[in-house]
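The structure appears right after this line, and notes come after that.
The values are calculated or read from the model by the stated rules, or taken from the named source; none is laboratory data. None of the values given here were measured: they were computed from a predicted structure. Every residue, glycine among them, receives a Cβ derived from its backbone with ideal geometry; neighbour counts consider all protein chains shown. Ligands, DNA and RNA are excluded from the accessible area calculation, which covers all protein heavy atoms including side chains. Shrake-Rupley method; radii C 1.70, N 1.55, O 1.52, S 1.80 Å.
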Amino acid sequence: MVHQCLMQVVVTSDKHKYNNSDEATIVVRANDHIGPIEGVDVRVMVTTSNGFKQVGVSITRSDGKGTIPYEVNLDRGGAGIYVVDATAWRTGFDVGQGSTSFEVVN
């Protein structure tokens, strides 16, 4: 059996509250017990307050961060709480997961 290293995944957004047409910046950080992990494939799913889902992808840089832009659209997603779920994977590591949320107002 091959031992996989543990990966910690932390998901954040640049603000806690957005207005229509704002661009949210979602950041996924991947670390292990040594430090940041470069080259991690990251997939995020944003679920809006009305259930609309949108996927974004990135790859972490040398600082362990992958950045995904998300354009807020009230017509598509509505006002309320948006949930961001992230999955991160790289050979040699267990799959990592993390989540965050932000609010969209009129």
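For every residue, the table says whether it meets (1) within 16 Å of the chain's Cα centre (by Cα); (2) without any contact (Cβ under 8 Å) to a residue 60 or more places away in the chain; (3) assigned to a loop (DSSP other than H, G, I, E, B).
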position: Val28; (1), (2), (3): yes, no, no
position: Asn50; (1), (2), (3): no, yes, yes
position: Val55; (1), (2), (3): yes, yes, no
position: Arg61; (1), (2), (3): yes, yes, yes
position: Pro69; (1), (2), (3): yes, yes, no
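Determine if the range 81-94 includes at least one residue that is in a loop (DSSP other than H, G, I, E, B), touching a residue at least 24 places away in the same chain (Cβ under 8 Å), basic (Lys, Arg) and open to solvent by 80 Å² or more (accessible area, probe 1.4 Å). Yes, some residue in the range 81-94 is in a loop (DSSP other than H, G, I, E, B), touching a residue at least 24 places away in the same chain (Cβ under 8 Å), basic (Lys, Arg) and open to solvent by 80 Å² or more (accessible area, probe 1.4 Å). Taking the range 67-80 only, how many residues are more than 15 Å from Lys15 (Cβ to Cβ) and open to solvent by 60 Å² or more (accessible area, probe 1.4 Å)? Total satisfying the criteria: 2. Please find, within the range 30-61, the residue that is farthest from Gly98 (Cα to Cα) out of those that are out of contact with any strand residue (DSSP E or B) (no Cβ under 7 Å at 6 or more places or on another chain) and either among the β-branched types (Val, Ile, Thr) or open to solvent by 90 Å² or more (accessible area, probe 1.4 Å) (or both). Taking the candidates together, the pick is Asn50.
Among the conditions (1) assigned to a helix (DSSP H, G or I); (2) open to solvent by less than 60 Å² (accessible area, probe 1.4 Å), Thr100 misses just one, which is (1).
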